Amino acid sequence: FALDDAGEIIEQVGGYVYDPRQRPWYVGAMRAPEPTYLQPYAWINEDGSSITLGLPFVERVADHEGETLGVLSTEISLEDLSDFLRTLRVGDAGFVVVMDAEGHLIATSRPAAIATSDQALLRATESEDDLIAGIAAAMDEQQVESEGMLIRISAYREVPGLAWIVPVAVPEPDVLAP
């Protein structure tokens, strides 16, 4: 909208058709029995192109009779989550990976892509990063060993909607060096 000096709308200068009721976060909130995280999805530009993946936390809001008033959604970009992981120090050269229960990358402290060019989540075993792909492949084979790396795998299921697997890898010299 264009505004005059008093802040009044004088004309609409752009826009696009947007119905939030068709978005994955709204549909997911309407289906969920409680506040929950949903699967990551692509945030969409007004031209229909996707720009990044977001992780929504949603809640259906109802009146005292149970009638839907709307939906609350807050989201974090997976890129921002990876940026946060990069601030963590894991030994001198260790790293963190966050995967969903199906083995898709959610975030990583390594400088590696977590999504395909069309913004679909990338399977960790298909990562361009050999260390991430190697750890994911070893986990698939239930042989979590990697030469020269100490690996700790944790499951994170404390919050509704999240079932994450979090491998943390540290080079042995970071821990065992004299």
Projected label distance in nm at T74 and R86, using a 7 Å step from Cα toward the beta-carbon: 2.4 nm
List the residues, sorted by chain then number, that are 5 or more residues from L162 or on another chain and whose placed amide H is less than 5 Å from its amide H. Y37
Explain nothing, just compute: Karplus ³J(HN,Hα) = 6.51 cos²θ - 1.76 cosθ + 1.60, θ = phi - 60°, for every residue of the range 105-121 in order, whole Hz, x for Gly and Pro. 5, 9, 6, 7, 7, 7, x, 10, 5, 10, 9, 6, 5, 9, 6, 8, 4
Mind checking the per residue accessible area of the chain for me, 1.4 Å probe, whole number of Å²? 63 Å²
Starting from the amide H of H104, placed 1.01 Å from N in the peptide plane, find each other amide H under 5 Å away whose residue is 5 or more places distant or on another chain. A124
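Mind putting a number on the dipole of the range 71-178 about its Cα centre? Charges go on the C-beta only, +1 for Lys and Arg and -1 for Asp and Glu, and I need it in Debye to the nearest 20.
Its charge dipole is roughly 340 debye.
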At a threshold of 8 angstrom on Cα-Cα distance, excluding pairs fewer than six apart, so keeping six or more, what relative contact order does the chain reach in percent? 16 percent
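The values are calculated or read from the model by the stated rules, or taken from the named source; none is laboratory data. These figures come from a predicted structure and were not determined experimentally. So basically every Cβ, Gly included, is an ideal-geometry build from the backbone, and we count neighbours across all protein chains shown. These accessible areas exclude ligands, DNA and RNA; they are computed on the full protein's heavy atoms, side chains included. Shrake-Rupley method; radii C 1.70, N 1.55, O 1.52, S 1.80 Å.
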